[in-house]
Amino acid sequence: MLATGSEAIRAPRFLSRRSHLFAMLLVALPAVAVLAPLLSLAVIALGGDAEIWPHLAAYVLPTAIYQTTLLLAGVAVIAAIVGIGTAWAVTAYQFPGRDALCWLLPLPLAFPTYIVAYVYVDIFDPIGPVQQLYRAMFGYQTAAEYWFPSIRSLPGAIFVIGIVLYPYVFLAARAMFLTQSASLIEVARTLGASRLGLVRHVALPLARPALAVGLSLALLETLNDIGASEYLGVQTLTLSIYNTWINRSSLPGAAQIACVMLIAVIALMALERHGRRHRRFIVSSRNGRIVSRIRLTGRTAWFTLALCLLPVLLGFLLPAARLTHEVIGRGLIYGFDSDLIGHTATTVMLSAAATVIAIALGLSAAIAVRMVRSRIASGTIVVAGLGYAVPGTVLALGLLTPLVGIDNLINAASRLFGGPPLGLIFAGSSAALIVAYVIRFLAISTGSAQAGLARIPHEIDDVARTLGTRPPGIAWLIHLPLARPALGGAALLVFVDCLKELPATLLLRPLNVETLSTYIYQFATRGNFEEGALAALLIVAVGILPVIHLTRFSEIAPAPIASSSR
């Protein structure tokens, strides 16, 4: 007789010893791929000259840690206020444009932070249209005659990065609000809670787990950023790693800074877990009604619309309009750089290859964990997901030694069989980029695969096994078809993230390889970002697809609407 409920979870998987070993290898492979660069990084850092660390501690790290801390704190404030505020507004209230805002508010995620930084500098620099208009209105002749806030500053970086990354908090908070039972909100209303009271005593406590998750994602992306912070003049830890390695030719020094940065990553992950501690809210099975939205009227409705539309305007519409203006005004569509076609093809091929490998590894590991059902396997796949928390610069540093080691083994094997040395097959080619992309975004594929498989009852596996189907057949005939929707969404997210990735690409790409992100970066460093506007629009156009996917799956049945009594 088949086990059911909790008994099914503890049921043995009927795997042979060989199949069990193979399944554990499938789970261990992604975890080893993530841990190897981190261990290599520690070895490189410890092997450096003893004089490097005192110099870094005295002249590099104080400024980098200080500015990184302020940047993270500022981005956290903007992302939290904008993300939770807009999520609560479109969830709890009905007002003109509310339905459109549910789709518009996540759109800034389609923009890489470095592209928005380039656009805002182009707009607000002394030679940009805003200051030109300002001088014309007030009769100034030069920028030296007046004060104007500089976008190339720490506050400017906080604003730009925060206005792009707030959707992480918005999506997480809105999903939390939408899945809450109506009873909590209705009880608060019955007890006379005002709108501000609902936010303070109900919305914010409910959003605390979502705030922890969303903020951790936003801050990890902030740590990973290099293009925006460099262009806006903020000396972050990530930029310090890049400068120490490339400009000062000190690999051990860069590794030591990277180790300090890993401490910041661990701290963010600890804060995220602390934020979710003892704060679990579930939907009651007896009262799963969605809270009715309060209808706003008059000035209040239009004021709410304006506030919610502001981050969309600043984070998506304004940058998109500026890029479109530059593309049309400079004739980039008709007279575009012919090399752009090759760079686009290279980007697509690298991203597609990394996506296929990441999805294959993630799905294989998730299926193996499902079949083995051991705590060791479950813990190992969690380690495999840590790559997303490792910034691209740190990952690039740590990958050098393992990739060179693999190349040396291949060359030794070639010589052993009488062949010529093959050179740096991995470390000196685009394969290094694919490996970095796979490790960096493996968490998306493993998480999505586990979520898709979790919807499949374990009893189906048991029935298939009882009917004589072997584990590969169960995976191919049952798991893969039923998990396909989740895998499709994961593949889309991984592909676009690979498309936009800049830090690891800058450090690991061969000299003759350009991606769309590095193509845009080169124009920005030369001071003529506008020439790369078409490539930027291509990235944004593709980046909209996963945002729509995320928004679509965050929607649930429409909530009833109640008239406002306050």
Extent along principal axes [Cα atoms of the stretch 466-505; Å; largest to smallest]: 50, 19, 8
Amide H neighbours of R293 at under 5 Å, excluding residues fewer than 5 places away on the same chain, with H built from the backbone geometry, are I561, A562
Students sometimes get this wrong: rank M371, M137 by accessible area, probe 1.4 Å, all chains present, largest first. M137, M371
Could you order peptides 336-343, 116-123, 504-511 by the average number of other Cβ atoms within 10 Å of their residues, highest first? 116-123, 504-511, 336-343
Report the Stokes-Einstein translational diffusion coefficient (µm² s⁻¹, integer) for the stretch 123-166, Rh taken as the Kirkwood radius over Cα pairs, at 20 °C with viscosity 1.002 mPa s. 187
Of the options V213, V356, Q131, report the single residue whose Cα projects farthest towards the positive end of the charge dipole of the chain (beta-carbon charges: Lys, Arg +1; Asp, Glu -1). V213
Have a look at L101, F148, G48 and report the one farthest towards the positive end of the charge dipole of the chain, computed about the Cα centre with Cβ charges (Lys/Arg +1, Asp/Glu -1). L101
Surface share of carbon and sulfur [accessible, 1.4 angstrom probe, percent] for the chain: 67
Would you calculate, for the chain, the mean residue ellipticity at 222 nm contributed by helices, counting each DSSP H stretch of 4 or more residues as -39,500 (n - 2.57) and dividing by all residues, to the nearest 500? -22500 deg cm²/dmol
Order R98, R484 by their accessible area, 1.4 angstrom probe, all chains in place, largest first. R484, R98
Where the Cα atoms of the stretch 308-348 are projected onto their three principal axes, how long is each span, largest first, in whole Å? 40, 25, 8
Any chance you could run the full-extension gain for L318 through V43? It's 0.36 nm times the residue separation minus the Cα-Cα distance, nm to one decimal. 94.4 nm
Could you give the nm distance between label points at S414 and R375, where each point is 7 Å from its Cα heading toward the beta carbon? 4.7
Subtracting the Cα-Cα distance from 0.36 nm times the residue separation, let me have the gained length for R152 to W53 in nm, one decimal. 32.7 nm
Can I get the semi-axes of the stretch 416-481's equivalent ellipsoid? Compute them from the C-alpha gyration tensor as square roots of 5 times the eigenvalues, in angstrom, largest first. 39, 20, 6
Quarter of the Cα convex hull surface for the stretch 66-121, i.e. its orientation-mean projected area (nm²): 4.9
How much accessible area does T466 have with a 1.4 Å probe, in Å² rounded to the nearest 10? 100
Can you tell me the dipole magnitude for the chain around its Cα centre, using point charges on the Cβ only (Lys, Arg +1; Asp, Glu -1), in Debye to the nearest 20? 2380
Would you mind getting me the FRET efficiency between S16 and M349? Use the beta-carbon distance for r and R0 = 60 Å, nearest 0.05. 0.95
The stretch 369-449: relative contact order in percent, alpha carbon pairs under 8 Å with at least 6 residues between: 41
Convex hull volume per residue in cubic angstrom - Cα atoms of the stretch 75-179: 123
Kirkwood-type radius of the chain, with distances r between different C-alpha atoms, in Å: 25.8
For the stretch 441-518 the mean separation of alpha carbon contacts under 8 Å (6+ apart) over residue count, i.e. relative contact order in percent, is 39
List the extent of the Cα atoms of the stretch 312-409 along each of their three principal axes, largest first, rounded to whole Å. 60, 42, 24
What's the FRET efficiency of A143 with W302 using the Cβ-Cβ distance as r and R₀ = 35 Å, to the nearest 0.05? 0.45
For T190, tell me the accessible area in Å² from a 1.4 Å probe, rounded to the nearest 10. 120
How large is the accessible surface of Y146 in square angstrom, using a 1.4 angstrom probe and rounding to the nearest 10? 30
Tell me, what is the percent relative contact order of the chain, built from C-alpha pairs under 8 Å that lie six or more residues apart? 25
³J(HN,Hα) computed for each position of the stretch 463-469 - Karplus, 6.51 cos²θ - 1.76 cosθ + 1.60, integer Hz, glycine/proline x: 5, 4, 5, 4, 7, x, 7
Full-extension gain in nm, L545 to D99, via 0.36 nm per residue minus C-alpha separation: 158.7 nm
Of W476, W103, which has the most accessible area with a 1.4 Å probe, and how do the rest follow in descending order? W476, W103
Calculated on alpha-carbon atoms, Rg and Dmax of the stretch 391-545 in Å: 21.0, 67
Compute the accessible area per residue over the stretch 457-542, keeping the other protein chains in place, probe 1.4 Å, unit Å². 41
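The values are calculated or read from the model by the stated rules, or taken from the named source; none is laboratory data. From a predicted model like this one, the values you see are computed outputs, not experimental measurements. Reconstructed Cβ throughout: ideal geometry from the backbone, glycine too, with neighbour counts over all protein chains shown. What goes into the accessible areas is simple: the full protein's heavy atoms, side chains included, and nothing from ligands, DNA or RNA. Shrake-Rupley method; radii C 1.70, N 1.55, O 1.52, S 1.80 Å.
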